[in-house]
1. Please work out which one of (1) surrounded by fewer than 20 Cβ atoms within 10 Å (Cβ to Cβ); (2) not assigned by TED's automatic domain parsing to the domain that holds residue 159 is the condition residue 100 fails and give its number.
2. Does residue 114 satisfy the condition of being within 30 Å of residue 179 (Cα to Cα), in contact (Cβ under 8 Å) with a residue 40 or more places away in the chain and either surrounded by fewer than 17 Cβ atoms within 10 Å (Cβ to Cβ) or among the aliphatic types (A, V, I, L, M) (or both)?
3. Would you check if residue 213 is within 18 Å of residue 278 (Cα to Cα), outside any loop (DSSP other than H, G, I, E, B) and in contact with a Leu (Cβ under 6 Å, 6 or more places away or on another chain)?
4. Do we find that residue 262 is surrounded by fewer than 16 Cβ atoms within 10 Å (Cβ to Cβ) and in a loop (DSSP other than H, G, I, E, B) in this structure?
5. Only one of 121, 126, 69 is buried (at least 18 other Cβ atoms within 10 Å of the Cβ) and part of a helix (DSSP H, G or I). Can you tell me which?
6. Which condition number does residue 108 fail, the rest of (1) within 30 Å of the chain's Cα centre (by Cα); (2) over 16 Å from residue 45 (Cα atoms) being met?
7. How many of the residues in the stretch 137-171 are of a type in the set (Ser, Thr, Tyr) and touching a Leu at 6+ places or on another chain (Cβ under 7 Å)?
8. Out of the stretch 195-210, which residues are surrounded by 16 or more Cβ atoms within 10 Å (Cβ to Cβ) and part of a helix (DSSP H, G or I)?
Amino acid sequence: MKPVRFLLGLGLCLTLGAAWLTWDYSQRFLKPNVQLSESSTEFFIRSQWSFTELLQNLHKEGVITDSASFRWVATYKKFDINVQPGRYIILDGMNNNQLVNVLRSQNTPIDVLVKSARTTSELAKSVSSVLEFSEEDLMDLISNDGFCERYGFSSITISTIFIPNTYEFYWNTTAEEFMERMAREYKRYWNEDRINKAKKIGLSQSQVTILASIVQSEQAAHSDERPIVAGLYLNRIKKGMRLESDPTLIFALGDFSIKRVLNAHKKVDSPYNTYMHSGLPPGPILLPQQSSIDAVLNAADHNYIFMCAKEDFSGYHYFSSNYRQHLNYARRYQRALNQRKVYR
């Protein structure tokens with residue numbers, strides 16, 4: 001009788017133990033372990049993080065409440081030896097099993113604006129603020145002639161590779177991968193039709209972008225006028241005239257607060273001084289929008305060689321083909337500047 005009781009008791013203990021283990025394991029897997037103040041949050045896993053660093057940051061950022069149970073589930077699912085960097089969307093109320101599944105397979109891309117920046121450093125700062133690589137990582141690449149030569153550019157002309165637009169990237173994209181993507185987008189943009197149009201006006205692809213940067217700087221407010229401005233500068237180039245573009249002086253001086261270009265500004269010693277040097281400057285003075293590049297490729301056909309901002313400050317310009325008429329417009333604008341007490 002005693003052996004039977006013993007066996008029954010042992011069986012009961014084993015059953016209870018198994019039930020407890022089943023309950024415990026199910027709690028570790030299925031009990032909610034994510035408690036957020038909002039319905040969801042972004043969580044970024046940095047490249048080279050160890051599982052311990054991941055665990056510490058999940059707890060530090062208040063994503064999980066029970067680190068021990070998460071560690072157990074992650075180890076059971078072998079996630080602890082396969083941490084993946086990236087951007088992940090975590091939902092409130094997730095359990096450990098759901099959280100591990102998200103963190104190992106649902107790297108969520110992000111929209112990155114490659115904007116019409118004034119300088120490459122401004123662009124690098126902008127994109128590095130939303131991607132993992134640093135501003136310095138990108139600047140080190142685009143200031144390296146050896147790297148730029150891979151894509152057929154120099155460190156001066158490499159900025160013409162950037163076609164402003166919104167692109168989808170994974171957050172953990174490296175600076176090298178970013179540049180590779182920009183090169184692909186450049187080739188996609190410069191299709192056969194655009195290449196042929198560039199050849200027709202006698203400019204290389206980079207020169208088109210450089211001229212587009214000047215056109216956009218001259219006419220930032222009204223894109224409908226850019227083909228006229230582009231035609232004007234192409235006329236000056238054909239005649240062997242200096243471009244004499246005020247925005248190139250401002251770029252050369254590096255002082256973008258200047259609102260009135262003076263004769264003293266025209267003396268700046270810079271290859272970007274188009275009052276002093278003939279032809280296009282060596283690089284763009286901003287990263288032009290696609291519409292500005294297309295404005296150059298589809299420049300208006302006319303005989304204008306002079307332009308002057310209108311005195312009503314509408315942002316539009318007077319265009320003329322002779323210097324006497326241009327001087328008349330220039331006097332009107334200068335009087336308007338004086339009336340508004342704009343002296344620099």
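1. Result: residue 100 fails condition (1) only.
2. Yes, satisfied.
3. Yes, satisfied.
4. For residue 262, the condition - surrounded by fewer than 16 Cβ atoms within 10 Å (Cβ to Cβ) and in a loop (DSSP other than H, G, I, E, B) - is met.
5. 69
6. For residue 108, the exception is condition (2).
7. 2
8. 197, 198, 205, 206, 207, 208, 209, 210
The values are calculated or read from the model by the stated rules, or taken from the named source; none is laboratory data. Being a predicted model, the structure only gives us computed values, none of them experimental. Cβ coordinates were reconstructed from backbone atoms using ideal geometry, including for glycine residues, and neighbour counts include every protein chain displayed.
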